Amino acid sequence: MSDTLTDVAEDRALRHWTFHDPARVKIGSEAHKQMFCSMLLETHNPYKPAVLDWPPLPPDALGRLCSLPIWDIAVQTEGRASIAVHTYAAQLRDPLLREAITMDGDEEARHKHVLSRLIAAYGIEIAPEPDYLPPRDAEWEWMRTGYSECIDSFFAFGLFRSAQQSGFFPEALVETFEPVIQEEARHILFFINWVAWYRRTMPLWRRPWHSLRVAAIWVVLVWQRLAIARGIDTKGMAHDSNFLPASSGVIGEAMNAPDLFALCLAENDRRMSGYDARLLRPKLVPTLARFALRFMKSSRRDTPSGQGDAGHDMDRR
């Protein structure tokens with residue numbers, strides 16, 4: 001494989017993966033663990049941020065890119081995520097889980113390097129970064145990072161697609177940044193299956209406490225996103241949010257909420273469709289989005305000509 005972006009055939013293979021054992025896989029079993037860990041390890045894209053070719057942008061596209069209010073948040077999110085994931089991986093005794101979660105952390109760190117290269121290439125100014133310290137409660141931060149990605153990447157998928165469809169991002173820039181977005185889909189699949197496996201394998205007496213911790217994490221994440229929406233910074237730094245609902249007003253300015261939700265749902269399904277159907281998929285955020293759509297009315301009665309097939313262009317692998 002190349003150090004830069006993989007070619008079409010290689011990329012398609014990375015996005016379409018099936019576990020080697022065709023038998024039924026019970027959630028929480030050893031085979032389940034083998035399956036979701038193998039998915040992450042075997043679909044790793046080996047591109048290197050240092051040799052990515054950032055295409056020159058015309059002044060209008062460069063201005064739009066620099067105007068996005070996401071770069072501070074995105075860089076800090078990936079910096080904290082990589083430390084959190086690596087800290088949790090280091091305390092694991094299971095060698096396969098440790099290997100897979102370490103790779104997850106490596107990919108989060110690589111996302112930060114990609115963003116740093118992009119920012120440098122296009123002269124985007126960001127605030128000074130804070131120190132990224134290992135968390136005291138590694139499991140809490142690992143789970144908070146995973147659930148945060150479940151929320152933010154759902155919207156990122158739709159916003160990224162909207163930016164491509166509208167021409168907000170030039171096609172060359174979309175192609176260069178695409179592997180980062182797809183990696184988020186893999187991370188979500190891995191995390192959702194890890195959560196299910198972890199809960200099934202823990203003693204019954206620990207499950208209520210685990211459920212309380214998960215509920216507390218969701219309260220924190222919802223509160224943080226409400227703070228973002230109101231422009232409140234509770235810690236003097238950018239909040240966690242991957243590629244980001246905060247940018248929806250800029251990228252998706254021609255899209256109303258139901259159109260955006262529908263696109264997010266379609267992209268979420270498309271990005272995860274190539275992986276083994278026996279892997280669990282995230283349900284909560286897509287279910288909430290579908291529920292919200294019942295009470296929304298789209299401003300688009302008809303799909304513009306040709307747009308209905310546009311989503312398949314990105315899945316050309």
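Listed conditions (1) of a type in the set (A, V, I, L, M, F, W, C); (2) buried (at least 17 other Cβ atoms within 10 Å of the Cβ); (3) in contact with a His (Cβ under 8 Å, 6 or more places away or on another chain) are all met by Ala50, apart from (2). Number of residues in the stretch 181-212 that are charged (D, E, K, R), in contact (Cβ under 8 Å) with a residue 12 or more places away in the chain and out of contact with any helix residue (DSSP H, G or I) (no Cβ under 7 Å at 6 or more places or on another chain) equals 1. The lone criterion from (1) touching a helix residue (DSSP H, G or I) at 6+ places or on another chain (Cβ under 9 Å); (2) more than 25 Å from Arg12 (Cβ to Cβ) left unmet by Asp104 is number (2). Candidates Ser247, Ser241: the one that is assigned to a helix (DSSP H, G or I) and at pLDDT below 95 is Ser247. With respect to Thr145, is the statement that it is out of contact with any Phe, Trp or Tyr (no Cβ under 6 Å at 6 or more places or on another chain), β-branched (Val, Ile, Thr), closer than 23 Å to Val219 by Cβ and in contact (Cβ under 8 Å) with a residue 12 or more places away in the chain true? When the stated conditions are applied, Thr145 passes them.
The values are calculated or read from the model by the stated rules, or taken from the named source; none is laboratory data. The shown structure was predicted, so the numbers you read here are calculated from the model rather than taken from an experiment. Because the Cβ atoms are built from the backbone with ideal geometry, glycine has one as well, and the counts that use them run over all protein chains shown.
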